[in-house]
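Novice: Below is one structure. I have some questions about it.
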Amino acid sequence: MGAKQRAVPDRTTRQRQAIMTAAADVFMRNGYVGATTDEIAALAAVSKQTVYKMYGDKQKLFAEVILETTLGTVERLASTVSLLERSNDARAALRMVAEGWLRGLLAADVLRLRRLVIAEADRFPEVGRAWFERGFDRALVILGDSLQEMAGRGLLRSLDDPRRAAYQFAGLVMYQPMNQAMFAGSDGLPSARELKRIAHSAVEVFLAAYGPATA
């Protein structure tokens, strides 16, 4: 019996994927105002009419790009957080999560997305809210649940507010390098060695507040 063949996406699905990929590239490169449906259509190798038929207008396409990219980022962050529930070593697991989040959130495409959402927040407040609520906040709710699970196994102290603990962890990890990247640009990011030092230092501060008495 032959190996199963992968299902080939139909023409409409392929066109949608091509449009979303092209739109993400054009929006992040040119911003919302500088992006045109002509350029997006040309890059996706479809007609402009196809873009309008599938997404309505540039504003709706912009919102779809932001939300789809955001959901992908959350999935990657959640995958990293899952390490916490499989480990009996809080320090080692939190270090891996911190390092993973630094790699994920400081990736060039994620930084471009963040800058784009901030730049267009007044024009599209609903997109900004969705990016925050379905993106960063959702990731921290997932992290908070994992921290609570760790506390239940005695790896952390009892948490009165797991979501707040997750925000504090993320702040310790991300504040310096994220602000540096947002204001100084990707070229100004700390070295890989420095990012690892930041991650490990953040974990030590977090465990000083939330680690068990024997930590």
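Nothing in this text is a laboratory measurement; each read-out follows from the coordinates by a stated rule. As the structure is a prediction and not an experimental result, all values here were calculated from the model. All Cβ positions, glycine included, derive from the backbone under ideal geometry; neighbour counts span all protein chains shown.
Novice: Spin-label point model (7 Å from Cα, Cβ direction): what's the THR36 to ARG103 distance in nm?
Specialist: 4.0 nm
Novice: Just name one of THR69, GLN180, GLY135: the one whose Cα is farthest towards the positive end of the charge dipole of the chain (beta-carbon charges, Lys/Arg +1, Asp/Glu -1).
Specialist: Going by the Cα projections, it comes out as THR69.
Novice: Find the relative contact order for region 1-138 and round it to a whole percent, using C-alpha pairs within less than 8 Å whose residues are 6+ positions apart.
Specialist: Computed value for region 1-138: 23 percent relative contact order.
Novice: In nm, to one decimal, how far is the modelled label at ARG193 from the one at GLN180, with both set 7 Å along Cα→Cβ?
Specialist: For ARG193 paired with GLN180, the spin-label model returns 1.3 nm.
Novice: Taking R0 as 30 Å, what FRET efficiency do you get between ASP161 and ARG86 from their Cβ-Cβ distance, rounded to the nearest 0.05?
Specialist: My answer for the efficiency is 0.80.
Novice: Take the alpha carbon gyration tensor of region 93-162, find the square roots of its eigenvalues, order them as a ≥ b ≥ c, and report rounded if a/c is under 1.5; if not, report prolate when a/b exceeds b/c, else oblate.
Specialist: Taking the square roots of the gyration eigenvalues as a ≥ b ≥ c, region 93-162 is oblate.
Novice: When GLU39, GLU194 are ordered from fewest to most other Cβ atoms inside 10 Å of their Cβ, what list results?
Specialist: GLU194, GLU39
Novice: Normalising by the residue count of region 62-210, find the relative contact order in percent from Cα pairs under 8 Å and 6+ residues apart.
Specialist: 29 percent
Novice: Can you tell which of GLY100, GLY34, GLY154 shows the greatest fluctuation in a Gaussian network model of the chain with Cα springs below 10 Å?
Specialist: GLY34
Novice: Same structure, new question: Rounded to whole Å and sorted largest first, what semi-axes of the equivalent ellipsoid does the C-alpha gyration tensor of the chain yield via the square root of 5 times each eigenvalue?
Specialist: Listed largest to smallest, the semi-axes of the chain are 37, 21, 15 Å.
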